[in-house]
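Novice: Dumping the structure here so I can ask a few things about it.
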Amino acid sequence: MTAVSTTGHGMSARLDAPAQGALGVSLLAAGALFIAAPVLALLARALFDGSGEFVGFGNFSAYFAAPALTDSAVRSLRLSAIAAAITVALAYGYAYGLTLTQMRHKTFFRAAALLPLLAPSLLMAISLVYLFGHQGLLKDWLGRPIYGELGIVVGSVLWTFPHALLILIASLSAIDARLVEAARTMGASPWDVFRTVMLPASRYGVAMAFAVVFVLVITDFGVPKVIGGQANVLATDLYKQVVGLQNFAMGAVVGAVLLAPAIGAFFIERHLRRRQASAFGARAVPYMPEPWALRDRLFWGYCALVSALLVGVLAMAVYASFVRLWPYDLSLSLRNYDFDQMDGGGWITFWNSLRLSFGTALAGTVLAFLTAWFVVKPRRFGALRDAVNLLATVPLAVPGLALGLGYIMFFNAPSNPLSGLYATMTILVVCTVVHFFSVAHLTLVTALSQLDREFEFVAESLGVPFWQTLARVHLPVVLPALLEVAGYFFVNAMTTVSAVVFLYAPHTQLASVAVLNMDDAGDIAPAAAMAVLIFVTAALVRLGFMAVERWALTRTNRWRLR
């Protein structure tokens, strides 16, 4: 019996190379079809006019000759840089308090700062309207309504704050304690230690956070659409060209222009990430701060103020969603949650979002795991693995609006045999998976890279086929990371607007798009209610994933505790 079993395993192991090669080719074909082809279709469409005649770069010349459009591009760059600078400055102090002090209530402060990740960017903008708009609760504080460039900057800072915070926490956590001790031994004051050791050590993290926030702001559609007023930016220009004017050629031009800063920031961020990784060597010792009452109290006060602002803005939206008629009747009711009586599409949009989110979480997690496994584990197919890895990281540099428009250009073409996917829930799931795929892929690549190759060597020596090693070793060990990725896909699918705003049909309209449509129709309170519902749903599901993740960590990673 043992001999037969071993022979069977040996025969199966001999099929490893063809099976792995087929998996790699399939992943490469899927990447080319659903990632590269839509982006190339977008760029190609920018070279044709509305009648389909090839005009080369004529559309780009017309774009840059229009003062209003060039003003939007300049405004986008300027406001994105301002918002990124403010966000990084605020997040740096917050991250310093969480990592380099012994202040109390760190868990609460961290959780409060990450709350905006669970809400669409539209929610922050709607809250600002209720606070500082024409009928805002605090409208007199600013001396004028918040609409315009000020609103775009403030709203962008609020919703991108947790993104910068996570990067800076990772950067400040990697400070080498040996450098701090050396500076103190030489008589450096606390300020000198910060100026000469901690700040230089975290410079790559600061630059990475700036690049990430810059891209998030310049490609965001929700905040400028709700609170931008007459201050047009690239994202709103693209939306107006496609939805308002039905000018797909000029929309493709704006999408191509939007790609340029995003791609540039993407490569800068990748370069800085490599520099940050090399700065913390194998012999480095993580710095553990000592208690210092004055410093700890000051940072506690700072974090309390920032977290109160973030939670307060979110709480304003929750409160406004229950107000019967703002600002004339402030009594509370559930009438704003009667979505079937509103213009946004009704409760069906919420159930569509749940379908999209669960479908994205399932499909995205499976594909991200297979892609990461193929990139990390096989010892063959070096060029093929590099090509798959390159395609898997491309979506990180493609704005959601540009990706969604590229899907229209590619999948709505009559000559495309896959045109039947257009206006279905399937195309929404595919586009959403692609939009958020890179982060999931890189997360699982990191998790799988931590597993020693001895597992594969032993399995090969015993003639065990690779899929059994994958199922019995790789999958259980990285299960916590898989659950983290699934939660990431779910939350982002619930909150996304830009990637799907061009792709939905009347029967596949989503809750996040319903928020946008209700705001356009003047139903701001129901829009706030739908945004709050999205936030609560994402929070509850994320807590569920965290509970399962903790259970999986204790069951499958107990060996790490030795």
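The values are calculated or read from the model by the stated rules, or taken from the named source; none is laboratory data. Everything numeric here is computed off the predicted structure, so don't read it as measured data. Here Cβ is always computed from backbone atoms with ideal geometry, including for glycine, and neighbour counts include all displayed protein chains.
Novice: Is segment 21-32 home to any residue that is at pLDDT below 90, surrounded by fewer than 19 Cβ atoms within 10 Å (Cβ to Cβ), more than 21 Å from VAL217 (Cβ to Cβ) and out of contact with any helix residue (DSSP H, G or I) (no Cβ under 7 Å at 6 or more places or on another chain)?
Specialist: Looking through segment 21-32, at least one residue is at pLDDT below 90, surrounded by fewer than 19 Cβ atoms within 10 Å (Cβ to Cβ), more than 21 Å from VAL217 (Cβ to Cβ) and out of contact with any helix residue (DSSP H, G or I) (no Cβ under 7 Å at 6 or more places or on another chain).
Novice: Return yes when ALA486 is closer than 24 Å to PHE437 by Cβ, modelled with pLDDT of 90 or more and surrounded by fewer than 20 Cβ atoms within 10 Å (Cβ to Cβ) and no when it is not.
Specialist: no
Novice: Moving to a separate point now. In segment 376-419, how many residues are farther than 30 Å from ALA505 by Cα, of a type outside the set (D, E, K, R) and part of a helix (DSSP H, G or I)?
Specialist: 8
Novice: Does LEU40 fit the bill of being surrounded by fewer than 17 Cβ atoms within 10 Å (Cβ to Cβ) and not assigned by TED's automatic domain parsing to the domain that holds THR219?
Specialist: Yes; evaluated as a whole, the condition is true for this residue.
Novice: Only one of TRP347, TRP351, TRP326 is in contact with a Phe, Trp or Tyr (Cβ under 6 Å, 6 or more places away or on another chain) and either closer than 16 Å to THR495 by Cβ or aromatic (Phe, Trp, Tyr) (or both); which?
Specialist: Selected residue: TRP347, the only one of TRP347, TRP351, TRP326 that is in contact with a Phe, Trp or Tyr (Cβ under 6 Å, 6 or more places away or on another chain) and either closer than 16 Å to THR495 by Cβ or aromatic (Phe, Trp, Tyr) (or both).
Novice: Run down ARG379, ARG324, ARG385 and say which single residue is surrounded by fewer than 15 Cβ atoms within 10 Å (Cβ to Cβ) and closer than 30 Å to LEU479 by Cβ.
Specialist: After applying the criteria, what remains is ARG379.
Table: residues versus (1) in a helix (DSSP H, G or I); (2) of a type in the set (D, E, K, R); (3) out of contact with any Ser or Thr (no Cβ under 7 Å at 6 or more places or on another chain); (4) surrounded by 24 or more Cβ atoms within 10 Å (Cβ to Cβ).
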| site | (1), (2), (3), (4) |
| --- | --- |
| VAL213 | yes, no, no, yes |
| VAL223 | yes, no, no, yes |
| ALA231 | no, no, yes, no |
| VAL242 | yes, no, yes, no |
| GLN246 | no, no, yes, no |
| VAL253 | yes, no, yes, yes |
| PRO261 | yes, no, yes, no |
| GLY264 | yes, no, yes, no |
| PHE267 | yes, no, yes, no |
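Novice: Follow-up. Can you say whether GLU181 is charged (D, E, K, R) and at pLDDT 90 or above, as far as the supplied structure shows?
Specialist: no
Novice: Same structure again: I'd like to know if segment 448-470 contains one or more residues that are modelled with pLDDT of 75 or more, closer than 30 Å to ALA44 by Cα and not polar (S, T, N, Q).
Specialist: no
Novice: Please count how many residues of segment 164-185 are part of a helix (DSSP H, G or I) and in contact with a helix residue (DSSP H, G or I) (Cβ under 6 Å, 6 or more places away or on another chain).
Specialist: The total comes to 10.
Novice: Can I ask one more? Output the number of residues of segment 15-64 satisfying the condition of being within 27 Å of HIS435 (Cα to Cα) and aromatic (Phe, Trp, Tyr).
Specialist: 4
Novice: Using beta carbons and a limit of 8 Å, which pairs, at least six apart or on different chains, have the first residue in segment 492-507 and in the same structural domain as ALA363 (by TED's automatic domain parsing) and the second one hydroxyl-bearing (Ser, Thr, Tyr) and in a loop (DSSP other than H, G, I, E, B)?
Specialist: LEU503/TYR422; ALA505/THR424
Novice: Identify the residue in segment 79-104 that is surrounded by fewer than 17 Cβ atoms within 10 Å (Cβ to Cβ) and over 22 Å from the mean Cα position of the chain (by Cα) and, among all such residues, is farthest from PRO190 (Cα to Cα).
Specialist: ARG104
Novice: Output the number of residues of segment 313-338 satisfying the condition of being touching a helix residue (DSSP H, G or I) at 6+ places or on another chain (Cβ under 7 Å) and in a strand (DSSP E or B).
Specialist: The number of residues fulfilling the criteria is 3.
Novice: Further question on the same structure: Looking at (1) farther than 18 Å from LEU238 by Cβ; (2) surrounded by fewer than 17 Cβ atoms within 10 Å (Cβ to Cβ); (3) modelled with pLDDT of 90 or more, can you tell me which one GLU53 breaks?
Specialist: Unmet condition: (3).
Novice: Still on this structure, I have one more. Restricting to segment 41-54, count the residues that are assigned to a helix (DSSP H, G or I) and without any contact (Cβ under 8 Å) to a residue 24 or more places away in the chain.
Specialist: Selection size over segment 41-54: 0.
Novice: Please tell me if THR107 is among the hydroxyl-bearing types (Ser, Thr, Tyr), buried (at least 16 other Cβ atoms within 10 Å of the Cβ) and not assigned by TED's automatic domain parsing to the domain that holds ASP520.
Specialist: Against the criterion (among the hydroxyl-bearing types (Ser, Thr, Tyr), buried (at least 16 other Cβ atoms within 10 Å of the Cβ) and not assigned by TED's automatic domain parsing to the domain that holds ASP520), THR107 does not qualify.
Novice: Moving to a separate point now. Would a scan of segment 126-140 turn up a residue that is of a type in the set (Asp, Glu) and over 22 Å from TRP326 (Cα atoms)?
Specialist: No, because not a single residue in segment 126-140 is of a type in the set (Asp, Glu) and over 22 Å from TRP326 (Cα atoms).
Novice: Something else: Name the pairs whose Cβ atoms lie under 8 Å apart, with the first residue in segment 58-73 and in the same structural domain as VAL233 (by TED's automatic domain parsing), the second of a type in the set (Phe, Trp, Tyr) and part of a helix (DSSP H, G or I), and 6 or more positions between them or separate chains?
Specialist: Matching pairs, first to second residue: LEU69/TYR63; THR70/TYR63; THR70/PHE64.
Novice: Shifting gears a bit: Identify all residues within segment 186-209 that are outside any helix (DSSP H, G or I) and in contact with a Leu (Cβ under 9 Å, 6 or more places away or on another chain); write none if there are none.
Specialist: Within segment 186-209, SER202 is the sole residue that qualifies.
Novice: Here's something else I'd like to know. One residue is enough: does segment 286-305 have a residue meeting the conditions of a type in the set (A, V, I, L, M), buried (at least 19 other Cβ atoms within 10 Å of the Cβ) and at pLDDT 95 or above?
Specialist: no
Novice: I've got another one for you. For segment 96-139, give me the residue count where each residue is part of a helix (DSSP H, G or I), touching a residue at least 12 places away in the same chain (Cβ under 8 Å) and of a type in the set (Lys, Arg).
Specialist: 1
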